[in-house]
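J.: Quick one: structure below, then a few questions.
The values are calculated or read from the model by the stated rules, or taken from the named source; none is laboratory data. Please read these numbers as outputs of a predicted model, since none were measured by experiment. Please note: Cβ atoms are built from the backbone with ideal geometry, for glycine as well, and neighbour counts cover all protein chains shown. Surface areas here come from the heavy atoms of the whole protein model, side chains and all, with no ligands, DNA or RNA. Shrake-Rupley method; radii C 1.70, N 1.55, O 1.52, S 1.80 Å.
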Amino acid sequence: MRDAHAPAEPREILRHVFGYDAFRDPQEAIVDHLVAGGDALVLMPTGGGKSLCYQIPALVRPGVGVVVSPLIALMHDQVAALRQAGVRAAALNSTLELEEVREIEASLRAGRLDLLYVAPERLLGERTLALLDEVRIALFAIDEAHCVSQWGHDFRPEYLQLAVLGERWPGVPRVALTATADEPTRREIAERLGLGDARRFVSGFDRPNIRYRVVAKRSAREQLRAFLDADHRGDAGIVYCLSRRKVEETAAWLRQQGFDALPYHAGMSAEERNLHQDAFLREEGVVIVATIAFGMGIDKPNVRFVAHLDLPKSVEAYYQETGRAGRDGLPADAWMAYGLQDVITLRQMVEGSDADDARKRLEMRKLDAMLGYCELTGCRRQTLLRYFGENPTEPCGNCDNCLEPPQVWDATEAARKALSCVWRTGQRFGAGHVIDVLMGKDSERVRGLGHDRLSTFAIGADVDVATWRSVFRQLVARGFLAVDVEGYGTLRLTEESRPVLRGEVAMSLRRDAIRGPARARSRAAPADDGMRSGPLWEALREHRRGLAASQGVPPYVIFHDATLAQMAAQCPTTLAAFADLPGVGDKKLERYGESFLAVIREHAAD
Ligand code: ADP
Ligand code: ZN
């Protein structure tokens, strides 16, 4: 077996340390560029394989690779994973005892570290800077580089000072990495980190293994349960809700339904939050129900679904949140239930905020883009990618609209009736009441208001209530109706309503599917999907769980699900065959090969 610490070729390291046969597309070019001493700005989607881009050059070049990482939990997992592969890695952060710090410093001085992870504030302290002056540095990697962006939601002021690295160590290559897609953020990163001359490596932002689905909200919880029952019993996933209360209630309800669900929101104590995050990372099959406070830096590779019970405020937020699913490249779901009330609530939140008008207009545009995405009848992925400046020519075949093209219907007449009824009732009511009038409901409220005598009373009795709600939702989403700010969801006409009322424009609307394509899973699933179930899979998972627990690390640090799935599919019987599995390097072969082979043998004997 080769010594992992002797200088070697990148491909050798890829194979022997990390257990992979080939680089993915831009990885090799990035690695070569850094090995040769160049600076780089790397933009790659989540799950694209950013870590290897700096880990391998750090192993090839003499000295220690210094990695700036914003989150302690993230650092710990990366370090644990590297150690499993036989790489000498450590993390410097505020949670360490002085004794541990001294130990790491001594290893560093003695040249016994390949990679050092540091929190930015720690790195910028005089003690660390002086320490780094004493040692040879292979490269600097600045992970989650978008934290330098003052306009982004992950802004970290300490990141602004990282330009100092280039000034203090001009000869050391630097690489900044992020999954954030938009061009202004890219420019900001290059500028603020002094990486204007760095070579840019930009990959596409597609996440082909994620299946996007949006369902019309009827009974959100029941729909969520049906979705989970169909595809995700026992899987780890994230359910996003807008409010703390809804987070608590949904988590409690899911527990009653037999899911291992835990809440996570900013109103909980830090201790409790950590506990729940830890359970999510370390145990299998935990569902986190969370507000958007949860997720940044969540590196868990086998998150099998992200579900939204409330609408995100923008397509960027949606893409980032759903992007936490399926980092390991295996099939994953992004599922969302969305209804009229979501549109109303978010419109009110934007309208009613204290922001100035320019900001409000911007937020309204973002919300409109998000609503447009929800109401799409074409390929969702094409629209998402176009939003981020890419231009995919073919529909994806892995979103709900591709799998089961939605029907559209000629709603010109229905839209006219709806708008006219809003007008006749005086633009003083919400959708519920207007629909009652349209349908000719014989209620005290309708009669009391005299609305049973309006010309629009009962003109829509031939259409069912779900369809009317769908019509109103789409009219509000597309701006043909406006919602009041005060909170009752009162609807009024807009400039855009007039031509519709006059019958001058034809309106075609999406017909909501009664049931989402829950069974569609089999169609575009990769070959190993079927391997992630059954007795051998469970036995391998159980074995991995035991190994992980005894070492106090998350299971995916031992082997990823992708490796386990291949194990179950190929059933290797020799160490040589085991070594060929993706994700099995020399060290893991030596440590775990025999014991996993034993599990496979036992299974074969049964
Ligand atoms: P990112 O940081 O870009 O989100 P990671 O570095 O965590 O992505 O990598 C995502 C997954 O892809 C990991 O499971 C990693 O082991 C795997 N991976 C990375 N590069 C390769 C490769 N060349 N071949 C096979 N798997 C890879
Ligand atoms: Zn599609």
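J.: Sum up the charges of everything whose Cβ sits under 13 Å from the Cβ of THR393, counting Lys and Arg as +1 and Asp and Glu as -1, but leave THR393 out.
T.: Net charge in that neighbourhood comes out at -1.
J.: Let me ask something additional. Take the Cβ-Cβ distance between ARG233 and SER107 as r, set R0 to 41 Å, and report the resulting FRET efficiency rounded to the nearest 0.05.
T.: Working: r = 45 Å, r/R0 = 1.09.
So, using R0 = 41 Å, E works out to roughly 0.35.
J.: Over all directions, the average projected area of the alpha-carbon convex hull for the chain comes to how many nm²?
T.: 30.1 nm²
J.: Another question, if that's okay. Tabulate in residue order the Karplus-calculated ³J(HN,Hα) for segment 592-606, using 6.51 cos²θ - 1.76 cosθ + 1.60 with θ = phi - 60°, rounded to whole Hz; enter x for Gly and Pro.
T.: Calculated HN-Hα couplings, in order: 10, x, 4, 5, 6, 4, 4, 4, 5, 4, 4, 5, 4, 5, 5 Hz.
J.: I'd like to know which of VAL343, SER420, VAL172 lies farthest towards the positive end of the charge dipole of the chain, counting +1 on Cβ of Lys and Arg and -1 on Cβ of Asp and Glu.
T.: It is SER420.
J.: Could you list which residues have their amide H under 5 Å from that of PHE429, counting only those 5 or more apart in sequence or on another chain, with H placed in the peptide plane?
T.: Result for PHE429 returns LEU491.
J.: I would also like to ask the following. Could you order the peptides 259-269, 137-147 from most to least packed, using the average number of other C-beta atoms within 10 Å per residue?
T.: Working: 259-269: 18.8, 137-147: 25.2.
So the peptides 259-269, 137-147, ranked by packing, come out 137-147, 259-269.
J.: Given a cut-off of under 8 Å on Cα pairs at least six residues apart, what relative contact order in percent is computed for segment 10-202?
T.: 30 percent
J.: Sticking with this structure for a sec: Choose one of THR573, ALA598, HIS560: the residue whose Cα lies farthest towards the positive end of the charge dipole of segment 535-605 (beta-carbon charges +1 Lys, Arg; -1 Asp, Glu; about the Cα centre).
T.: It is HIS560, whose Cα lies furthest towards the positive end.
J.: Also: Carbon and sulfur: what percent of the chain's accessible surface (1.4 Å probe)?
T.: 49 percent
J.: Further question: To the nearest 20 debye, what charge dipole does segment 10-202 have about its Cα centre, counting +1 at the Cβ of each Lys and Arg and -1 at the Cβ of each Asp and Glu?
T.: Using Cβ point charges on Lys, Arg, Asp and Glu, segment 10-202 gives about 400 debye.
J.: What net charge is computed for the residues neighbouring GLN84, neighbours being all others with C-beta under 14 Å from the C-beta of GLN84, Lys and Arg scored +1, Asp and Glu -1? Before the final figure, lay out each step's value.
T.: Numbers: positive: ARG83, ARG88, ARG544, LYS587, LYS588, ARG591; negative: ASP77, ASP114, ASP586, GLU590.
Neighbour charge sum, excluding GLN84 itself: +2.
J.: Can you give the FRET efficiency for SER443 and ARG545, using 1/(1 + (r/R0)^6), R0 = 56 Å, r = Cβ-Cβ distance, to the nearest 0.05?
T.: It comes out at approximately 0.45.
J.: While we're on this one: Given the C-alpha atoms of segment 19-128, compute the convex hull and give its volume per residue in Å³.
T.: It comes to 120 Å³ per residue, whole-number rounded.
J.: So, one more: Inverting the mean 1/r over all pairs of different Cα atoms, compute the Kirkwood radius of segment 408-511 and quote it in Å.
T.: Result for segment 408-511, one decimal place: 13.5 Å.
J.: Got a sec? Charge dipole of segment 10-202, +1 on Cβ for Lys and Arg, -1 for Asp and Glu; which of PRO26, LEU129, GLY48 is way out at the positive end?
T.: It is PRO26, whose Cα lies furthest towards the positive end.
J.: Lysines near LYS217 by alpha-carbon distance under 22 Å, same-chain residues fewer than 8 away left out - which ones?
T.: LYS246, LYS313, LYS366
J.: Now for a separate question. Along segment 393-398, what does the Karplus equation 6.51 cos²θ - 1.76 cosθ + 1.60 (θ = phi - 60°) give for ³J(HN,Hα), rounded to whole Hz, x for Gly and Pro?
T.: Along segment 393-398, the couplings run 8, 10, x, 7, x, 9 Hz.
J.: Something else now. Assuming 0.36 nm per residue, please report the length gained on full extension of the stretch LEU362 to GLU167 beyond their Cα-Cα distance.
T.: Fully extending the segment from LEU362 to GLU167 adds 66.5 nm.
J.: Could you give the accessible area per residue of segment 72-173, probe 1.4 Å, as a whole number in Å²?
T.: I get 43 Å² per residue for segment 72-173.
J.: Per residue, how much accessible area does segment 408-511 show when a 1.4 Å probe rolls over the protein heavy atoms, in square angstrom?
T.: Dividing the accessible area of segment 408-511 by its residue count gives 50 Å².
J.: Can you give the extra length, in nm with one decimal, that the chain gains between THR393 and GLU496 once fully stretched, where that is 0.36 nm per residue apart less the Cα-Cα distance?
T.: 33.9 nm
J.: Cβ under 12 Å from LEU195's Cβ, LEU195 left aside: what net charge do those residues give with Lys, Arg +1 and Asp, Glu -1? All intermediate terms of the calculation are to be shown ahead of the outcome.
T.: Details: positive: ARG174, ARG186, ARG187, ARG192, ARG199, ARG200; negative: ASP39, GLU188, GLU191, ASP197.
Around LEU195, the surrounding residues sum to +2.
J.: Taking the Cα centre of the chain as origin, sum charge times position over the Cβ atoms of Lys and Arg (+1) and Asp and Glu (-1), and report the length of that vector in debye to the nearest 20.
T.: Dipole size: approximately 1380 debye.
J.: Something else: Report the relative contact order of segment 535-605, percent, no decimals, based on alpha-carbon pairs under 8 angstrom and at least 6 residues apart.
T.: Normalised by residue count, the contact order of segment 535-605 is 33 percent.
J.: I need the phi-derived Karplus couplings for segment 324-331: 6.51 cos²θ - 1.76 cosθ + 1.60, θ = phi - 60°, integer Hz, Gly and Pro marked x.
T.: Values per residue, Gly and Pro as x: 6, 7, x, 4, 7, x, 7, x Hz.
J.: Between ARG221 and VAL505, what's the calculated FRET efficiency when r is the beta-carbon distance and R0 is 56 Å? Round to 0.05.
T.: The computed FRET efficiency comes out at 0.90.
J.: Rolling a 1.4 angstrom probe over the protein heavy atoms, how many square angstrom per residue are accessible across segment 535-605?
T.: Per-residue value: 42 Å².
J.: Please list, in chain and number order, the residues 5+ apart from ALA40 or on another chain whose amide H is under 5 Å from its amide H, with Hs placed from the backbone.
T.: ARG174, VAL175, ALA176, ARG199
J.: Hey, if you drop one equal point scatterer on each alpha-carbon of segment 249-331 and run the Debye formula without solvent, what base-10 log of I(q)/I(0) do you get at q = 0.11, 0.19, 0.22 Å⁻¹?
T.: -0.29, -0.90, -1.21
J.: Still on this structure, I have one more. How large is the dipole of segment 425-501 about the Cα centre if only Lys and Arg carry +1 and Asp and Glu carry -1, each at its Cβ, rounded to the nearest 20 debye?
T.: Details: 10 positive and 10 negative charges, 16 e Å.
Once rounded to the nearest 20, the dipole reads 80 debye.
J.: Moving on to the next point. Would you please give the residues with an amide H less than 5 Å from that of VAL64, counting only those at least 5 places away or on a separate chain, with H modeled from the backbone geometry?
T.: Amide H neighbours of VAL64: ARG136, ILE137, ALA138.
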